[in-house]
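The block underneath contains the structure these notes are about, expressed in structure tokens.
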Ligand SMILES: *Cc1c(COP(=O)(O)O)cnc(C)c1O
């Protein structure tokens, strides 16, 4: 039996052709034409006016917070169940991350807990759509409106997903994406900010490019970063974007196939196929061990590894991160749902290149391990 990796991208469209074009034309840096093309096409696909391509999704979050003027003493509300990049971006601009727990079935932030966390210092809510289903946006938008808060929308896992028919990534003042190879479309490493406001777009572009000034290039009023995306990366992005609809359909088929094969394993909680606002796009296919299973996710992943099946643990909650606790954050914080799924959840091979045979193979090993 061949090993089944947790992720494998699909690069059999125009990727090679466009990469060769970069080499033939000698356009390899961020000045090349694919960067602008990718920015425009991706922004258009998500119904936004401006796209600002950057070197990765974490960098996109760093730029987003600074561009929105989040600064020392401000508070930003975010889900505890997310990737470190979200909290890191908040901490790095001097602001305070304030976390809420997640919902036990969608694994997304529990929007009912947000209002209690709002203080006079709250400046923004960072939304993070998790694993395949979007956050329930309407209550969040209403709160943002009521309290005058900015929304930053981390849509790194949500390319092509919609919330009540509107594209994920079209809700925040700034939304961010990642194009890491396990995302729905990939550029190897890469990310993008999407905005509608022209001045905000200019600010993101400037921060991405060391805050060089148009007139006096090497005189700086502000510190930025070099987070530019190369033409080579953008060439991949343009080729991948041509297939986004196909990729989303493919991921949905993978998810549905898994659910069909795993639904009778009583010890496993599977992803929700849909909510009343979206159908799952299964960025990853996560499972959570129910109480009746005597061991935890770590042990389950080790057992699957013996059968050469790749897995990844669920996110580890922000309020339990040693690095953040050492900063004096989250004393006595308790988020029971996130704490539980962090210990009981993991995801199984979910990459774009996964075949039906591989899905059947993974399912049969899971059946053997859990029954
Ligand atoms: C992948 C991911 C990121 C980080 O993107 P990178 O390109 O790996 O830096 C940020 N947020 C979420 C929700 C992600 O899934």
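The fraction of all Cα pairs in the range 244-370 landing in successive 10 Å bins from 0 to the largest distance is 12, 39, 31, 15, 3, given as whole percents. Shown here is the pair-distance distribution of the range 1-116: with all Cα-Cα distances grouped in 10 Å bins from zero up to the longest one, the shares run 11, 24, 31, 23, 10, 1 percent.
For the range 244-370, the relative contact order is 33 percent, taking Cα pairs closer than 8 Å that sit 6 or more residues apart in sequence and dividing their mean separation by the residue count. Peptide packing for 166-174, 339-347 was compared via the average number of neighbouring C-beta atoms within 10 Å per residue; ordered from the highest value, the list is 166-174, 339-347. By other beta-carbon atoms within 10 Å, ranking 335, 93 with the fewest at the front produces 93, 335.
Can you tell me the FRET efficiency between residue 357 and residue 36 if r is taken as the Cβ-Cβ distance and R0 is 35 Å, rounded to the nearest 0.05? Computed FRET efficiency for residue 357 and residue 36: 0.30.
Exposure proxy for 370, 218, 295, 42: other Cβ atoms within 10 Å of each Cβ, ordered fewest to most, give 218, 295, 370, 42. Percent antiparallel among DSSP beta bridges with both residues in the chain, to the nearest 5? Taking every DSSP beta bridge with both residues in the chain, the antiparallel ones total about 60 percent. Peptide packing for 188-197, 8-17, 102-111 was compared via the average number of neighbouring C-beta atoms within 10 Å per residue; ordered from the highest value, the list is 188-197, 102-111, 8-17. Between the beta carbons of residue 84 and residue 121, assuming R0 = 30 Å, the FRET efficiency works out to 0.85 to the nearest 0.05.
Computed extension length for residue 2-residue 246: 85.2 nm, one decimal, from 0.36 nm per residue of separation with the Cα-Cα distance subtracted.
Looking at the square roots a ≥ b ≥ c of the eigenvalues of the Cα gyration tensor of the range 147-223, which shape do they give, rounded for a/c under 1.5, prolate if a/b is larger than b/c, or oblate? Don't skip to the answer; put the middle values down first.
On the way: a/c = 3.12, a/b = 1.55, b/c = 2.01.
Since a/c reaches 1.5 but b/c is at least a/b, the shape of the range 147-223 is classed as oblate.
Between residue 20 and residue 216, what FRET efficiency follows from the Cβ-Cβ distance if R0 is 30 Å, with the result rounded to 0.05? FRET efficiency, residue 20 to residue 216: 0.20.
Going from the fewest other Cβ atoms within 10 Å to the most, the residues 20, 200, 227 appear in the order 20, 200, 227.
Dividing the summed -39500 (n - 2.57) terms of all DSSP H runs of n ≥ 4 by the residue count of the chain sets its mean residue ellipticity at 222 nm at -11000 deg cm²/dmol. Each Cα pair under 8 Å and six or more residues apart adds its sequence gap; the mean of these over the residue count of the chain is a relative contact order of 23 percent. Pairwise Cα distances in the chain exceed 26 Å in 52 percent of cases.
The numbers here are math on the coordinates, done by the rules we state, and not lab data. What you are looking at is a predicted structure, and each value in this text was computed from that prediction instead of being measured. We place every Cβ from the backbone using ideal geometry, glycine too, and count neighbours over all the protein chains shown.
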